[in-house]
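First the structure, in the form of structure tokens, and then the observations on it.
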Amino acid sequence: MPSGQDRQQGYRQGPRPTFLTLRDHGKVFVADMPHLSDGQLAHIGKEAQEVLESLERRIQDMEQELSHGPQERDTLIKASTKRDVTRRFIRAIQDEQEHRQNNPALRSAAGESLPRTFLEVARHRLPGATFDSLLQEALAACAKQQDTAPAPTRLEPSQDKIVPIRNDGDSLPVVVSPAPESASEA
């Protein structure tokens, strides 16, 4: 039978979503990582690494203590479990960063144009419904613009203008001579 907390928060029985509670960000779920910016992902990774280092120091201190009563063992087990979850969380961040760097669709789009690249990044980062809604709005705006704008007139390609170089016989030639070595010669 699910606990009161499970019923209140709508949890189903089975595996719960993996998340890490961080100082600056609160609960960060692994499932939300694709929607974060590169900067946010790097910052969260740094903060998660700090949490991991702190947990490892705490576990090491607890293991060195000689008295291991039931309460200390429970605390050690909880800290070890949180360390393992934090390691998986950091690995998920690294996987997401690698996926972004090696995404063939993004690389292909980057070879085409900035707008195509932006569209591809948005497609991967925004939730499906949000992306679809924004795309439809942009397409509708473009369609309205095309309907209201007059058809552009096609300009005939202009011929290259040739500027004649004048060769007047009455102009004086310019002669460059070396500068005198002393002021008295000038």
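Quick note: the coordinates plus some simple rules give every number you see, no bench work behind them. A quick note: this is a predicted structure, and the numbers were derived from the prediction, not measured. Note: ideal-geometry Cβ built from the backbone for every residue, glycine included; neighbour counts use all protein chains shown.
Brief remarks follow.
- Summary of packing: across the peptides 41-50, 17-26, the per-residue average of other C-beta atoms within 10 Å ranks them, highest first, as 41-50, 17-26.
- Amide H contacts of Leu22 (H built 1.01 Å from N, under 5 Å, at least 5 apart or other chain): Lys27, Val28
- The coefficient of translational diffusion for the range 16-102, derived via Stokes-Einstein from the alpha carbon Kirkwood radius under 4 °C and 1.567 mPa s, stands at 93 µm²/s.
- Distance in nm between pseudo-label sites at Ser37 and Arg91 (7 Å out along the Cβ direction from Cα): 3.0
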